[in-house]
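One structure is given here, and the rest of the page talks about it.
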Amino acid sequence: MAGDEPVIMGILNVTPDSFSDGGEYDRVDAAVARALAMQAEGAQVIDVGGESTRPGAQPVNAEQEIERVVPVIEAVRRQCEVQISIDTSKPEVMAAAVRAGANLVNDVKALRAEGAVECCAELGVSVCLMHMQGEPRTMQQSPEYSGVVAEVRDFLLARAQYCMEAGIAVEQILFDPGFGFGKSLEHNIELFSRLPELCALDFPVLIGVSRKSMLGTILDRPVEQRLIGSVAAAVIAYGKGARWFRVHDVAETRDALELCRVLD
Ligand code: YH5
């Protein structure tokens, strides 16, 4: 939706490897400090994730995921003014996170788990529907499409229709093409280049390319050298109509998007 203000979603991973291993208090404290820093840097939303969706990551059960994210969401809710998003595919985690203070469900499976759509409708929360081909463990082995843009578009429109029939309002739905989720470099490039077609669908579009390997491959940069590429990609996506940006580097992305907004 060109004309609308850009929204920065800062990534807050609360998987055990992400922060200190000094116990529960340290873990929650470090996460809140990171959330406060991202808020100060210009994030309007903090995306809390307790399960890694990277290829090859270990699955966790709902109980473990709730134990990781709920104390962090409660503490961020008490200490920050930002909106909180919960990055999960499990309805039990969605419900616990929203009760703890989350406002948005960010689901890489686009609410395809049993009961997820009904759960979000009942909770009355906004949802980010992301496209993924296959399952995280195997999705990068041999992604195939007859036409990646049409397939992603049709999938997202069908999921939105299903959500709206279950009672989720049209204004509560975001679309995300899911860069890197069951896509080759060529698929990611075509999707990115043709973002205007997805942004024309009347749902706000979120993009998550921050530090991802599509940038690393194009630029031949390891993960710790992808900042400039990540910010440049956000700027290009803004020009193509995307308005939500899921990023690691909030301050840098904010400056770039502020220029996009003012100089547009
Ligand atoms: C997304 O695109 N991505 S988790 C590999 C990397 C860097 C980052 C170093 N959750 C998305 O961030 N939710 C993730 O290489 C997401 N959209 C939405 N909505 C993967 C991730 C990452 C993976």
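The values are calculated or read from the model by the stated rules, or taken from the named source; none is laboratory data. Note that this is a predicted model, so its numbers are computed, not measured. Reconstructed Cβ throughout: ideal geometry from the backbone, glycine too, with neighbour counts over all protein chains shown. Side chains included, ligands, DNA and RNA excluded: accessible areas come from the protein's heavy atoms. Shrake-Rupley method; radii C 1.70, N 1.55, O 1.52, S 1.80 Å.
Excluding ligands, DNA and RNA, the accessible surface per residue across region 91-142 is 41 Å² with a 1.4 Å probe.
Note on the chain: helix-only mean residue ellipticity at 222 nm, from DSSP H runs of 4+ residues weighted -39500 (n - 2.57) and normalised by residue number, equals -14000 deg cm²/dmol.
So how do 215-224, 29-38, 59-68 stack up, highest first, on mean other-Cβ count within 10 Å? Each step should come with its number before you reach the end.
Details: 215-224: 12.8, 29-38: 18.9, 59-68: 16.8.
Descending packing order for the listed peptides: 29-38, 59-68, 215-224.
Which of the three applies to the chain, rounded, prolate or oblate, going by the alpha-carbon gyration tensor with a ≥ b ≥ c and a/c under 1.5 meaning rounded? Show your work: numbers first, answer last.
Values: a/c = 1.32, a/b = 1.15, b/c = 1.14.
In terms of gyration-tensor shape, rounded.
With the simple model of a label 7 Å out from the Cα in the direction of the Cβ, Glu224 to Ser146 spans 4.7 nm. The simple spin-label model puts a point 7 Å past each Cα toward its Cβ; for Leu36 and Ala200 those points are separated by 4.7 nm.
What size of dipole, in debye to the nearest 20, comes out for region 47-165 about its Cα centre when the only charges are +1 on Lys and Arg C-beta atoms and -1 on Asp and Glu C-beta atoms? Write out the running numbers ahead of the final one.
Numbers: 11 positive and 18 negative charges, 44 e Å.
Dipole about the Cα centre, nearest 20: 200 debye.
The gain in end-to-end length when the Tyr25 to Arg137 segment is fully stretched comes to 37.2 nm, 0.36 nm per residue minus the alpha carbon separation.
State to the nearest 20 debye the size of the charge dipole of the chain about its Cα centre, where the only charges are +1 on K and R beta carbons and -1 on D and E beta carbons. Let's see the in-between values first.
Numbers: 24 positive and 39 negative charges, 76 e Å.
Here the chain has a charge dipole of around 360 debye.
Comparing Thr53, Thr88, Thr138 in a Gaussian network model of the chain, where Cα atoms under 10 Å apart are tied by springs, the biggest mean-square fluctuation is seen for Thr138.
Could you compute the FRET efficiency for Glu63 and Glu5, with r as their C-beta to C-beta distance and R0 at 35 Å, rounded to 0.05? Don't skip to the answer; put the middle values down first.
Values: r = 38 Å, r/R0 = 1.09.
Between Glu63 and Glu5 the formula returns 0.35.
Amide hydrogen proximity for Ile207: with H placed 1.01 Å from N in the peptide plane, the residues at 5 or more positions away or on another chain lying under 5 Å are Trp244, Phe245, Arg246. Take the Cα of Asp264, step 7 Å toward its Cβ, do the same at Ala232, and the gap between the two points is 2.3 nm. Computed from backbone phi with θ = phi - 60° and the Karplus coefficients 6.51, -1.76 and 1.60, the 3J(HN,Hα) list for region 224-234 is 7, 10, 10, 4, 5, x, 5, 5, 4, 5, 4 Hz; x is used for glycine and proline. For the chain, build the charge dipole from Cβ charges (+1 Lys, Arg; -1 Asp, Glu) around the Cα centre, then report which of Gln133, Asn103, Leu227 sits farthest towards its positive end. Value: Leu227. Rolling a 1.4 angstrom probe over the protein heavy atoms with all chains in place gives region 157-264 an accessible area of 46 Å² per residue.
Surface composition of the chain: carbon and sulfur atoms hold 50% of the protein heavy-atom accessible area at a 1.4 Å probe. Give me the log10 of I(q) over I(0) for region 141-240 at q = 0.10, 0.24, 0.25 Å⁻¹, as the Debye formula computes it from C-alpha points; what are the numbers? Reported log10 I(q)/I(0), two decimals: -0.30, -1.28, -1.34.
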